[in-house]
1. Could you name every one of the helices (runs of 4 or more DSSP H) located completely within the range 181-240 that has at least 1 residues being over 21 Å from F109 (Cα atoms) and open to solvent by less than 30 Å² (accessible area, probe 1.4 Å)?
2. List the pairs whose first member sits in the range 52-71 and is under 16 Å from V239 (Cβ atoms), whose second member is of a type in the set (G, A, S), and whose Cβ atoms are under 8 Å apart, counting only residues at least 6 apart or on separate chains?
3. If we keep just the residues of the range 29-45 that are over 25 Å from the mean Cα position of the chain (by Cα) and farther than 26 Å from D229 by Cβ, which is surrounded by the most Cβ atoms within 10 Å (Cβ to Cβ)?
4. Name the residue that is modelled with the lowest pLDDT, counting only residues in the range 86-101 that are open to solvent by 60 Å² or more (accessible area, probe 1.4 Å) and not acidic (D, E).
5. With the requirement that a residue be within 30 Å of G149 (Cβ to Cβ), part of a loop (DSSP other than H, G, I, E, B), at pLDDT below 70 and open to solvent by 60 Å² or more (accessible area, probe 1.4 Å), what does the range 58-85 give you?
Amino acid sequence: SYIKSDPKELTYILKDRFINCGTYSKNCVDSLISNKCKRILIDPAEMSANELSSFIIHCEKYHINCYVIKAEHSLVHGTVKMNEIDGNIVLSYPALQFNLWTKLTKRLFDIIFSIIVLYCLAPFLVLIACWIKSVSWRGPIFYKQERVGKNGKSFQMLKFRTMIHNAEEKSGPVWVTDSSDTRYILGGRWLRRYSFDELPQFFNVLGGMMSVIGPRPERPFFVDKIMKDVPHFELRHNVKGGLTDWAQVHGRAYMTNKPSQKVKYDLYYISNWSFMLDLKIMLKTIAVVLKGEEAY
């Protein structure tokens, strides 16, 4: 393990257990990664607030646990715990990732649940497909949209098409935030309202690109824009995106264009995952979808 502070400023206990890796530099994270560092202590006095924020987020991205000593005013984002070492306040930013057991549990559940859903709803899916083609024959049945997945890798997310063909040809990528949008095909607004258009994403889940539950994947265009104002937004990409998530059940479409609020729920979910939390999200999702509220 490494520290980012002068050893004279730390207790003898910490000096014996950690290695000083010098002062802050832009390339120090690469050094930590090459040395397989798992945790690091940081003195915020050695860098600016922006450097501290960028450094912690970068470390978390590579699953390095960060501990900020003398950290009364060093809050970077809400997923943090406060401790005390020999009278010094320490803020700990745990590496935001799922352990191996969690990954295996979620993957097994994803496969079983997706197969059951697709098998049971197969006739309904065929009916939706026939309807879309009959009312809007010019466009495809399925709509493929590029989304950012785990580790920032893009993939094609499947949806039933609910809007006219090439709906964003003139406007470019936009968030739909108004239920009066005129681009819907006949019945498209109803499909969106009850999230039936999202059902093809169970094929994404079977393919390993998504999970049933996880931070809702966003489009690269919006991710690039969001990260300029909310740099820790990329930490949600440490895990697979999902069909529904903790943020969805607290706002659904309301959260779509409020990334600074949405990411708080995403990071909470990653830090506090349990099978019971997933079950709770599933039950809340069913309730939210049946109400048909805030969906456009």
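1. 188-193, 220-229
2. Partner pairs satisfying both residue conditions: E60/A95; H63/A95.
3. Filtering the range 29-45 for residues that are over 25 Å from the mean Cα position of the chain (by Cα) and farther than 26 Å from D229 by Cβ, the one surrounded by the most Cβ atoms within 10 Å (Cβ to Cβ) comes out as L41.
4. In the first step, residues of the range 86-101 are kept if they are open to solvent by 60 Å² or more (accessible area, probe 1.4 Å); the result is 86, 97, 99-101.
Restricting the remaining residues to those that are not acidic (D, E) gives 97, 99-101.
Values: Q97: 83, N99: 88, L100: 91, W101: 92.
Among those that are open to solvent by 60 Å² or more (accessible area, probe 1.4 Å) and not acidic (D, E), it is Q97.
5. Result: L75, G78.
The values are calculated or read from the model by the stated rules, or taken from the named source; none is laboratory data. Given the structure is predicted, the values throughout are model-derived calculations rather than measurements. Don't worry about glycine lacking a Cβ; one is built from the backbone with ideal geometry, like all the others, and counts go over all protein chains shown. Quick note on the areas: whole protein, heavy atoms, side chains included, nothing else; ligands and nucleic acids left out. Shrake-Rupley method; radii C 1.70, N 1.55, O 1.52, S 1.80 Å.
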